[in-house]
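Everything below concerns the one structure shown next.
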Amino acid sequence: MHPQPNAPDPKRFEVSRATLWFDRFMGWAIRFGGIGVIIAVFGIFYFIGKEVVPLFRAADVEPAGKLEAPAAATGVLGIDEWGELPFFYQAGGPVAFRPVAGGDGFELEVPGLEGAEVTATAYDPVHRRVALGLADGRVGSFLVEYARSHGDDAEVSAKVTPEPWFPLKSGAGPVTAVSYGDSGGGRIIVAKRGAGPDATTTVLRLAMKRGLIGAGKLTALGEVEITTELGAEPLILRASQNGSMVLAACANGEIDYFLANGAEVTKRQSFSPFDGEVPRQMDYLFGGVSIIVTGPGGEQEQWSLFRESEDAERMFGLTQTFPPLGDGDVLFAASQRNRTFLTGAGGHLSIRHSTSGKTRWEGEAEIAPAAAVLDGKGEHFLVVSASGEARRYSVEDPHPEAGWKAFFGKVWYEGGSGPVYQWQSTGGSDDFEPKLSLMPLIFGSLKGTAYALLFSVPVALLAAVFSAAFLPLSVKRIVKPTMEIMSSLPSVVLGFLAGLWLAPILETRVPSVMAMLIAVPASALVMGFAWCRLPIRFRNRFANGSEWMMVVPVLALAGWLGWQAGPLIESIFFVYQDPATGREIADFRLWWPQATGLSFEQRNSLVLGFMMGFAVIPVIFTIAEDALSNVPKSLTAASSALGANRWQVVWTVMLPVASSGIFSALMIGFGRAVGETMIMVMATGNTPVTEWNIFNGMRTLSANIAVELPEAPVGSTHYRTLFLGAVVLFLMTFVMNTVAEVLRQRLREKNKIV
Amino acid sequence: MSDALPPNSGFRTTGRSRRGEPWVWLTAAGLAIGVIMALGLFLLILLKGTASFWPRPIDVMEVRVAEGATEKIAGFVTQESTRSEPDGTEHREIQVFRGNKDIRPEAFVFIDEANIASRSRPEDLMWVERMEYGPGIIEPVALETPEGRIEAADPSFHDKLDAVIERSEQAREEILDIERHQIGRISRELEKHERAERSGEKTAQELAGRRAELQASFEKLQAQSGAIHDKLKETKLVGRTVDGADVSYTSDVLVRTFMPNAAGFFDRLGEALSRAGAFLSEDPREANTEGGVFPAIFGTVVMTLAMSFFVTPFGVIAAIYLREYASQGLMVQFVRISVNNLAGVPSIVFGVFGLAFFVYTVGGTVDQWFFADKLPTPTYGTPGILWASLTLALLTLPVVIVATEEALAAVPRGVREAALACGASKWQTIQRVVLPASLPGILTGVILAMARGAGEVAPLMLVGVVKLAPSLPIDSIAPFVHPERKFMHLGFHIYDLGFQSPDAEAAKPIVYATALLLIVVVVTLNLSAILIRNKLKKRFAVSSF
């Protein structure tokens, strides 16, 4: 049967399955893709945050096995740098090695000690040297040397190497305390003989005499007796690891500091940390510039060498106090990597960081520890009890120096004369302590931004007002894109021009710039004042809105006059007087440091502020112009109809209505300036200064990341701190931008209602 | 506003009241300063950039150096300044570029103008660009070839010299082909063998035969390139500097010569164009301070294209989702504001993210999965062009999303409703009506993103740009595209030459030229975006009711 020609096929209104299927598929695909992209975008926060979080973690300490030490082996406890083969040494006995992996240990005799009675021991973990004092008045040492085979099943082997013995000439009786300092070439041994008021203390100087062949011979250079210079009988003697000084904690509670310099050992200082009470413990930290002392009540303090003022000698001063320890013998083991140390008393252990004063970890030992040692990498520590039980713990604390206070607070670094904000991430020596305060960088970012805004905000806002209120539409269509293109200028070009073109020009013409800064705006005002006094017939020949073109020659003239007037101004106001000869030189670059005490650099904030203008002016201009242009016509027209002149319309209607939009323009301009990188890198000196001086540079967060991140080892504290800098930068701009965006949306709503 | 009043209406006096008029002029000054700054900067770069190609005449100056003694200096003035001595006298000083770094290491010299006894421009001075030591300024004496000696006075001298230079250029290309491609192929094969041996696939004995073969062909190739070198060395350009030192340049170091003082305007123009051409097409020489920037152009273009390849689909999909599929509530509003703000997040933050995520996390994982045999040498776990373009894609994503969303929103509601009423499904409406209508808007967004990406340097410093990349990211060696390679970039070139170069002063012309090139690229992209946008506005103005 034929279908009737007019009857619609019912299937005609059915959508084909393929279309429906495809529609559904695309719907899901786009949802999936869209949400995916958005998640990816927010993943940025997550991934940057992930790198930062470990900075704020406390140390993680886990038990990592036990081992049997020789009984009563609490004299000296040392370990190799891989933390695998600790040794135990008790005066007079053999050196006992016990692998941490389990299995049998072995013992090595100290050669040349047969028949001698060891009466004093000391251990230097840097050189792995055990210093010994003998009953017959000899002093000397032996080294424990480790070697590790290569390959997958690397084994650590050890040997004991004795060093020459030196009889002490002064004093009598057995050596009761000894300490060894070694700087490679020169070495010192400080030793005490006898006990009580008759004890004598001697510093023995040694040197490696290089022979023609062989490793050289260790010879004694001389002895200096320091008994009389001590306040009382010394109870703890410590020679610094670099052999340059001796500290003696005496029975009267004072600590005497001797400096060993050439043949002289001179007393430099005497200080009493605990008011006449004898410290229970005194040891050097890594680097040998600071000591940790524990008082009778358990109070623990750090004393460091520093200069009070620039020309003063380096003296010890209290720089940090720690929470008190309990009763019992004080344990102490310093890290060989950073300023952390393991300490404790009465079974309680804690890992502390000296510079930050923070306790990284605290806990109870399973045994009553009598000695402790940290391995070379600081990844494990070992404690041993008097009965010979030893426990090993693993430590995970990759960023002990990090923390809120280290990043945002004032920190008293070793060698500094007080707490400071300081950024110095890398240094030359092994014992360099990174200084990671972000404050100078944040300051730098704010300083750079402030000077950038100081110049750009007036120009951008004035331009926006003129463009929105007075500029004819046909001109605006050209002027606005011109300004917008300016914002797309690659900042590397701006930075290059700032650093290599503008900075050398402005260096010698600062007075000219000052003159221009005054003359140019003043000339515009004068022009306006004069213009409206001209006959109306003449004025009517020029269309409204062309003022910006007419003002150009005036501005150019004023600018040129200002530029030319610079040297004249310089010769009147900025005359530098040479202190040596009294001759007068008209040079601003010399005058500024003399008059203000601040420095003058070629790449300074003035250059930066101007060049940043190219990046910031268009941003502020565009948004402020939009806000001003979108003021409802009905408002401005009403105002004009009521007799307001054109400036009154702007001042009383447009600006107040658009104020929140203008404010948001300023904030977005701030965001752009604070995150700008290449101009900051190239136009500033990149020194982290913390002063508002316009004639020097700064180091900004962004520039710092760009310069240092490629060099920072992945996962290090430095690396993560740079990430933290990125987070700070991100938060600063994100918050600013969000507030600005919300303000703008509000304004849009408000204008709609009107 | 007074603008709205008809001219000569008689009421103009109201609009032209004196009150506040100075302030109006102050705002006018603000706009004028802004426009002058923008145009001035373009002009400055344009002038300095083009001037760096222009062959300048060479002055010969006789300078009094001591009582009675003078020194002859040939070169051109690069800078003039006034220096005031402590005794109050003022001296005009000029900085002269005199080249010939092979004779004296200082290519620049400062001369007190008062000490110049005489200045002249002899026509026979020649500017010689060489493979090393920068340009030389000499008086040519003769061309020594195996066929004989041609004196500079000989009329055929210049033609012969040009022929020699052309021949040496060809020979250099041959050498490059041998060294880069043929020897490169051998070393790649050797590397492969080494890996096979290390992983135990093949033993050293199995490979020994092939290795010896490769070694032999390597030696043959080396001998070949050595022979070409030796042949080039037989021909020499002999000359004399103005202060009398004899110089001779073998033809293998000659790049180009020019007689700037004898040349007329059109000769100069031709030389300038030829220099510009060389700048665009040649590889850099001497730590980037001489030669061209071709690898940097190539790197910038490839990186920008790869970036737009990544950013366009993702940006458009995200925008379609936000505008067409997501239910418009507080959540979407929040996402929109956040995406908007992401455009304001400092670019260096994106670089930091790219380093942590793309390079170390993704790249490290890729290495472990696919390139484990090369570890610990990273393949993808190190900065490279792929990671750089992905990082920049993320950086420019907000630009594309915002532009696309705006374009989608601008498609009139009536058009959509018409499509739906005709029975089109939602996707069909989007695909056939909404997307075509918003295409120019999307294009604007992509072009703006490219402009932003091309000019961005700071994040690249963290994720893959280097001062000198030995090979391009795309070349004739299989697999042809090498997304793991590091690359050169025009923007970074500027930074590196201006601030990291050992001889920043000598590099200045090339930096200005590079800056000009970069700005031309970025401004062209921006202008085209603006033009498209303006057209777009007109189209919708017509199509709306």
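The values are calculated or read from the model by the stated rules, or taken from the named source; none is laboratory data. Predicted model, so just to flag it, every value in this text is computed and none were measured. Here the Cβ is made from the backbone with ideal geometry for all residues, glycine too, and neighbour counts use every protein chain on show.
From the residues in the range A:464-511 that are under 38 Å from the mean Cα position of the chain (by Cα) and polar (S, T, N, Q), which one is modelled with the highest pLDDT? Don't jump to the end; show me each part of the working.
Step one: filter the range A:464-511 for residues under 38 Å from the mean Cα position of the chain (by Cα), giving A:484-511.
Now drop any that are not polar (S, T, N, Q), which leaves A:487-488, A:491, A:508.
Details: A:Ser487: 82, A:Ser488: 81, A:Ser491: 90, A:Thr508: 85.
By that ranking, first place goes to A:Ser491.
For the range B:438-545, give me every one of the helices (runs of 4 or more DSSP H) that falls completely inside it and has 3 or more residues that are surrounded by fewer than 24 Cβ atoms within 10 Å (Cβ to Cβ) and either acidic (Asp, Glu) or at pLDDT 80 or above (or both).
Numbers: elements: B:460-463, B:490-499, B:504-543.
So the answer is B:504-543.
One line per residue, one yes/no per condition, for (1) loosely packed, with under 15 Cβ neighbours inside 10 Å; (2) in contact (Cβ under 8 Å) with a residue 40 or more places away in the chain; (3) of a type in the set (D, E, K, R):
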{"site": "B:Ile178", "(1), (2), (3)": "no, yes, no"}
{"site": "B:His181", "(1), (2), (3)": "yes, yes, no"}
{"site": "B:Ser199", "(1), (2), (3)": "yes, yes, no"}
{"site": "B:Glu219", "(1), (2), (3)": "yes, no, yes"}
{"site": "B:Thr250", "(1), (2), (3)": "no, no, no"}
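Just to check your reading of the model, which residue among A:Ser599, A:Ser634, A:Ser629 is more than 10 Å from chain B (Cβ to nearest Cβ) and either within 30 Å of the chain's Cα centre (by Cα) or of a type in the set (Asp, Glu) (or both)? Please lay out each step first, then the result.
Numbers: A:Ser634 fails: either within 30 Å of the chain's Cα centre (by Cα) or of a type in the set (Asp, Glu) (or both); A:Ser629 fails: either within 30 Å of the chain's Cα centre (by Cα) or of a type in the set (Asp, Glu) (or both).
Being more than 10 Å from chain B (Cβ to nearest Cβ) and either within 30 Å of the chain's Cα centre (by Cα) or of a type in the set (Asp, Glu) (or both) holds for just one of A:Ser599, A:Ser634, A:Ser629, which is A:Ser599.
Within the range A:727-741, restricting attention to residues that are more than 7 Å from chain B (Cβ to nearest Cβ) and without any contact (Cβ under 8 Å) to a residue 24 or more places away in the chain, which residue is nearest to A:Met439 (Cα to Cα)? Before you say what the answer is, go through the steps one by one.
Kept after step one, since they are more than 7 Å from chain B (Cβ to nearest Cβ), are these residues of the range A:727-741: A:727-728, A:731-732, A:735-736, A:739-740.
Now drop any that are not without any contact (Cβ under 8 Å) to a residue 24 or more places away in the chain, which leaves A:731, A:735.
Working: A:Leu731: 15, A:Val735: 19 Å.
Ranking the candidates gives A:Leu731 first.
Could you tell me how many of the residues in the range B:325-356 are assigned to a helix (DSSP H, G or I), crowded, with 20+ Cβ neighbours inside 10 Å and in contact with a Ser or Thr (Cβ under 9 Å, 6 or more places away or on another chain)?
So the count comes out to 9.
Looking at A:Phe443, A:Phe470, which one is hydrophobic (A, V, I, L, M, F, W, C) and away from chain B (no Cβ under 14 Å)? Steps first, answer last, please.
Details: A:Phe470 fails: away from chain B (no Cβ under 14 Å).
Going through A:Phe443, A:Phe470 in turn, just one is hydrophobic (A, V, I, L, M, F, W, C) and away from chain B (no Cβ under 14 Å): A:Phe443.
Would you tally the residues in the range A:675-687 being more than 17 Å from A:Pro504 (Cα to Cα) and crowded, with 24+ Cβ neighbours inside 10 Å?
4
Suppose we filter the range A:77-102 for residues that are within 42 Å of the chain's Cα centre (by Cα) and either crowded, with 17+ Cβ neighbours inside 10 Å or in contact (Cβ under 8 Å) with a residue 60 or more places away in the chain (or both); how many remain?
Count: 16.
Looking at A:Ala503, A:Ala463, A:Ala515, A:Ala498, can you tell me which residue is surrounded by 20 or more Cβ atoms within 10 Å (Cβ to Cβ), more than 14 Å from chain B (Cβ to nearest Cβ) and assigned to a helix (DSSP H, G or I)? Full working, then the answer.
On the way: A:Ala503 fails: more than 14 Å from chain B (Cβ to nearest Cβ); A:Ala463 fails: more than 14 Å from chain B (Cβ to nearest Cβ); A:Ala498 fails: more than 14 Å from chain B (Cβ to nearest Cβ).
After applying the criteria, what remains is A:Ala515.
Quick check: anything in the range A:308-321 in contact (Cβ under 8 Å) with a residue 40 or more places away in the chain, among the polar types (S, T, N, Q) and in a strand (DSSP E or B)?
Yes, the range A:308-321 has at least one match.
Could you check the range A:664-754 for helices (runs of 4 or more DSSP H) lying wholly inside it with 2 or more residues that are farther than 24 Å from A:Asn604 by Cα?
Details: elements: A:678-683, A:701-708, A:717-753.
Of the helices (runs of 4 or more DSSP H) lying wholly inside the range A:664-754, those with at least 2 residues that are farther than 24 Å from A:Asn604 by Cα span A:717-753.
Could you tell me whether the range B:148-166 includes any residue that is modelled with pLDDT of 85 or more, among the acidic types (Asp, Glu) and over 12 Å from B:Leu237 (Cα atoms)?
Looking for residues that are modelled with pLDDT of 85 or more, among the acidic types (Asp, Glu) and over 12 Å from B:Leu237 (Cα atoms), one finds at least one in the range B:148-166, hence yes.
Name the one entry in A:Val383, A:Val373 that is in contact with a Pro (Cβ under 6 Å, 6 or more places away or on another chain), more than 25 Å from A:Arg720 (Cβ to Cβ) and not polar (S, T, N, Q). Spell out how you get there, then give the answer.
On the way: A:Val373 fails: in contact with a Pro (Cβ under 6 Å, 6 or more places away or on another chain).
After applying the criteria, what remains is A:Val383.
Do we find a residue being among the aliphatic types (A, V, I, L, M), within 30 Å of B:Ala407 (Cβ to Cβ) and touching a residue at least 24 places away in the same chain (Cβ under 8 Å) anywhere in the range B:285-302? Lay out the reasoning, then the answer.
Taking the range B:285-302 and keeping what is among the aliphatic types (A, V, I, L, M), we get B:287, B:293, B:296-297, B:301-302.
From what is left, the residues that are within 30 Å of B:Ala407 (Cβ to Cβ) are B:301-302.
Then keep just the ones that are touching a residue at least 24 places away in the same chain (Cβ under 8 Å); that gives B:302.
The answer is yes, given that some residue of the range B:285-302 is among the aliphatic types (A, V, I, L, M), within 30 Å of B:Ala407 (Cβ to Cβ) and touching a residue at least 24 places away in the same chain (Cβ under 8 Å).
Out of (1) touching an Asp or Glu at 6+ places or on another chain (Cβ under 9 Å); (2) among the acidic types (Asp, Glu); (3) assigned to a loop (DSSP other than H, G, I, E, B), what's the single condition that is false for B:Glu106?
With respect to (1) touching an Asp or Glu at 6+ places or on another chain (Cβ under 9 Å); (2) among the acidic types (Asp, Glu); (3) assigned to a loop (DSSP other than H, G, I, E, B), B:Glu106 is out only on (1).
Tell me, which residue of the range A:602-614 that is part of a helix (DSSP H, G or I) and more than 11 Å from chain B (Cβ to nearest Cβ) is surrounded by the fewest Cβ atoms within 10 Å (Cβ to Cβ)?
Filtering the range A:602-614 for residues that are part of a helix (DSSP H, G or I) and more than 11 Å from chain B (Cβ to nearest Cβ), the one surrounded by the fewest Cβ atoms within 10 Å (Cβ to Cβ) comes out as A:Leu606.
Go through the range B:331-354 and count every residue that is out of contact with any helix residue (DSSP H, G or I) (no Cβ under 9 Å at 6 or more places or on another chain) and facing another protein chain (nearest Cβ under 7 Å). Explain how you work it out, then say what you get.
Within the range B:331-354, the first condition is being out of contact with any helix residue (DSSP H, G or I) (no Cβ under 9 Å at 6 or more places or on another chain), and the residues that meet it are B:331, B:334.
After this cut, where a residue has to be facing another protein chain (nearest Cβ under 7 Å) as well, the list is none.
Qualifying residue count for the region: 0.
Among the residues in the range A:591-598, are any in contact (Cβ under 8 Å) with a residue 40 or more places away in the chain and assigned to a loop (DSSP other than H, G, I, E, B)?
yes
Does A:Val575 meet the test of being surrounded by 15 or more Cβ atoms within 10 Å (Cβ to Cβ), more than 8 Å from chain B (Cβ to nearest Cβ) and under 53 Å from the mean Cα position of the chain (by Cα)? It would help to see each step written out before you state the result.
On the way: surrounded by 15 or more Cβ atoms within 10 Å (Cβ to Cβ): yes; more than 8 Å from chain B (Cβ to nearest Cβ): yes; under 53 Å from the mean Cα position of the chain (by Cα): yes.
Here the answer is yes, as A:Val575 does meet what is asked.
Go through the range A:144-168 and give me each residue that's part of a strand (DSSP E or B) and over 21 Å from A:Leu221 (Cα atoms). Break it down stepwise before answering.
As a first pass, look at the range A:144-168 and keep what is part of a strand (DSSP E or B): A:144-148, A:156-162, A:166-167.
Listed by number, the residues that qualify are A:Val144, A:Glu145, A:Tyr146, A:Ala147, A:Arg148, A:Val156, A:Ser157, A:Ala158, A:Lys159, A:Val160, A:Thr161.
Test each condition in (1) over 13 Å from B:Asn115 (Cβ atoms); (2) assigned to a strand (DSSP E or B) for B:Arg92 and report the one that comes out false.
Of everything listed in (1) over 13 Å from B:Asn115 (Cβ atoms); (2) assigned to a strand (DSSP E or B), B:Arg92 misses just condition (1).
Looking at the range B:226-248 only, could you name the residues that are in a loop (DSSP other than H, G, I, E, B) and farther than 23 Å from B:Ile137 by Cβ? Before the answer, list the steps.
Quick first cut of the range B:226-248, residues in a loop (DSSP other than H, G, I, E, B) only: B:234-235, B:241-245.
Selection gives B:Glu234 alone.
Looking at the range B:306-330, I want the residues that are more than 18 Å from B:Ala409 (Cβ to Cβ) and within 7 Å of chain A (Cβ to nearest Cβ) and have a partner that is of a type outside the set (Gly, Ala, Ser) and in a helix (DSSP H, G or I) with Cβ atoms under 6 Å, at least 6 apart or on another chain. Which pairs are those?
Note: pairs meeting the criteria are B:Phe314/A:Val37.
Going through the range A:83-110 one residue at a time, which ones are part of a loop (DSSP other than H, G, I, E, B) and touching a Phe, Trp or Tyr at 6+ places or on another chain (Cβ under 8 Å)?
Narrowing the range A:83-110 to residues part of a loop (DSSP other than H, G, I, E, B): A:83-86, A:90-94, A:98-105, A:109-110.
Listed by number, the residues that qualify are A:Leu85, A:Pro86, A:Arg98, A:Gly105, A:Val110.
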